[in-house]
1. Can you order the peptides 296-302, 331-337 by their average number of other Cβ atoms within 10 Å per residue, highest first?
2. With respect to the cross-link table entries Lys402/Lys445; Lys316/Lys402; Lys420/Lys445; Lys120/Lys402, which display a Cα-Cα separation exceeding 21 Å?
3. Peptides 80-91, 359-370, 126-137: what's the order by average Cβ count within 10 Å, highest mean first?
Amino acid sequence: MIRHLDGLQSTSRQKFAKTTATRPRRWRKVLFWLGVLVVGTLTVAGVWAQPILAALPMNVTDKLALARLAKPGVYLVLFQNQRELRPTGGFLGSFAEVEMGWGGHIKSIQVETNIYNRDKIYAADLAREAPEPIREFLGDQPWGMRDSNWALDFPEAAQMVAWFYAHEGGRPVDGVIALDARLLARLLSLTGPITLADQTFTAETVVDQLMVEIEKNYWTYATHVAENQPKAILADLVPALLANMRRLDQRSLVNEAVVAFREKEVLAYFKDPALAQAMLAADWDGRVLANNSDYLMINEANLTPVDGRARAVGAKSSWSIDRSVSLVRDSAPRGGSHHTLSMTREHIGQAVWPDGPNHSYLRIAVPAGATLLAATSNGEDISSRVRFSVESGKTVFGLWSKLDPGQKEDLTITYTVPTKATEPILVQRQPGAPAFSLDIWDSGKLRWQGLLEGDQTL
């Protein structure tokens, strides 16, 4: 059973219902239907059964722990829009509360397609202090659930999202699962194209097609605006896709589910200690991994800070940024190593929707104990703009970056770390972010070169 607005406390239900008359962003409707697809996929494929367990890179103990997910519980499913990058994969536009019964039976799904509604009611009263970049982004607006996936570490971010959900009228949850829209394309790659009316949806085109239909063309139809509903094509596409999925081999669905986790299209956090350990063992929980050697993660949040008068209109331009990274490591005179990180970001999009100026807060996570030596942007010294923090056991350098369409920025960060230049380096890719080219040099010799598509120890 799918319901809307059922997760609120009774004292606030009437107040909340009034706010739903406001117009949600249409893209959230796409992600809502994606969530329905995911739930349907899990049901059709029998994810909680033995076939998927056999495919997982875990030992028997961990697999038994994973099977415990079939016990009753309440789970929060987040639909992240990776076109508007946030630390754990994308903006939280919509979400669902899923209640599971025994044996993986789905008892109910409570869906909300406009996360702003809860924040409008509760966020001001919570008065929770946001991290500094979020405060700069929000201005005098309160921090709420929609911006709560800020931590680099998904389990930490998931706990913060769950806290906001519980304090914004929801129930305590037993776990949090995050999905991004690439999963829809993955499913279509299995089923093949689907033609409805005058459109054919393929794995290569479906995300852009739906974005146009929901966020742009929607406003050209007065009846859609009046009914506050997305274009009817969604209601036709989803059942057609699910029908095609039912004809697929179960093993193929299971294999794709495993790949989706590995590519961080799906992230999962659970309160159950044994299940959490199983997710960690499979590297499926989006955790900032602990290690004793070198480390690198580049994390980007697509948001626009308040300028003191009014907030500039940000664009969903995260996927229009072409990225390339080079890391040069040399031994330092007094031990440890000297690192020069060069990152080129080029805006290859257009000055029309959904592209536009890209405002991003960049965080570069490196080994604990690292020391910044210098930072430049297109040759200009920006060391004073770099902020320092310690997150998930890593030293983090943070800074704002803005690119207009056609612009390119060459960032160089020079720092020292306690680890040796010859040691392996763990490089983690941000969930939701496009793959980028990376080369690593040790004392003038090329150590690794390629496209970073997932977490790798190099």
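1. My ranking of the peptides, most packed first, is 296-302, 331-337.
2. Values: Lys402/Lys445 33 Å; Lys316/Lys402 13 Å; Lys420/Lys445 15 Å; Lys120/Lys402 29 Å.
Lys402/Lys445; Lys120/Lys402, as the Cα separations exceed 21 Å there.
3. Working: 80-91: 26.3, 359-370: 21.7, 126-137: 14.9.
Peptide ranking by packing, descending: 80-91, 359-370, 126-137.
No value in this document is a laboratory result; all are computed from the given coordinates. This structure is a prediction, so every number in the text was calculated from the model and none was measured. Here the Cβ is made from the backbone with ideal geometry for all residues, glycine too, and neighbour counts use every protein chain on show.
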